[in-house]
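Below: one structure, written as structure tokens.
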Amino acid sequence: MARGELVKKLLASYGHEEEFRAVVEQIISEEEKKNNRVLASSLRKTLDNIGTAARSATGLSRLVPFPDEANDFIQRMVPAHGPQDILLSPENTELFLGLIREFRQADRIRRHGFPVRSKLLFCGPPGTGKTLCAEVFANELGLPFFHVRLDSLISSYLGETATNIRKTFEFARRQPCVLFFDEFDAIARSREEAGEHSELRRVVNSLLIFIEQIQPGGFLIAATNLDGHLDPAVWRRFDEIVWFDAPDAAMVRKYLVHAFRNVRASFDPAGYADQLLGYSYADLERVCVQAMKVSVLGGNKAVSDKDFREAMRDARRRLTRKQKLEAQTGE
Ligand SMILES: Nc1ncnc2c1ncn2[C@@H]1O[C@H](COP(=O)(O)OP(=O)(O)OP(=O)(O)O)[C@@H](O)[C@H]1O
Ligand SMILES: [Mg+2]
């Protein structure tokens, strides 16, 4: 195509991000064909940056009106955390970098007829960073972050039609965002509990069908504490299953160093890594914050070994109680 035609197309795409990107991609591939590699790569860089800058400048792209009916179970969250706040395993870091890259060049991938991975299932025990990661991911992509509470969604729709669920998904299709379904176990549980309860089964099934059919403008992320127990009907609807593990000794150590990076301590917190094995990141955070609070209350300039041991003792007591309770309830 002649250059002039491409420029005209570019101007005509003003205000339509997808089209605009597609035309720029065409220009880039023309330059590549002409062997103008430096220009092509600089155009590519500029295009990638435009996306990021435009999104992070406003915090979001065009906002589609939010369905009022969904207010009970969807909340818009303003991401407050960034990549510096989360510890990820090397495999997960690589996976997310790949997803971000794919998202930023989605048009290019789609033009070649390939699908873009956009539906993710986060599995792992409590306090391992599933919710935090979804937030950091949305923040990193500059996409609005919507938190869906499945328990309330399911119960609020019993006895009503599935129209509002459809509206929610319609919203996610039109609005590039991260739509985060927390407590996704509610789906698996409900499928079991539904039994003969046809209304519940209908709601859960329609949710699964929507998840299957939707091609979100951003990402649909679901999080669950279950993994092996998850229904295969649920698994296969996701493009990626991401595992969040409780921290091993090396990660505990890393977490302790990270937590005390800006805090003065008169001991080496990492030295306690072995004693804190078996704790989740959320537990570790509680221990560190508690030790810091004790230190502040004591009017100390640095967190002491004694403050930390005291906080660890509290956490151990809590953990023992929790384990006892779980043993009683047979969880
Ligand atoms: N991988 C991590 N790196 C750093 N901090 C973490 C990590 N995971 C959890 N935390 C800390 O623990 C808190 C709770 O984590 P989060 O809510 O993300 O866990 P979750 O996996 O979603 O748990 P649940 O299954 O109970 O919903 C976070 O706000 C953060 O302070
Ligand atoms: Mg969570």
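Bear in mind that the values in this text are calculations on the coordinates, not laboratory data. These figures come from a predicted structure and were not determined experimentally.
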**Study point:** For the range 271-314: Kirkwood Rh in Å [reciprocal of mean 1/r, alpha carbons]
**Key:** 10.5 Å
Point to revise | Cross-link pairs LYS119/LYS293; LYS254/LYS306; LYS8/LYS45 - those with Cα-Cα distance over 29 Å | key: LYS119/LYS293
Exercise for review: Report the normalised scattering of the range 238-331 as log10 I(q)/I(0) at q = 0.16 Å⁻¹, calculated by the Debye formula with identical scatterers on the alpha carbons.
Suggested key: -0.69
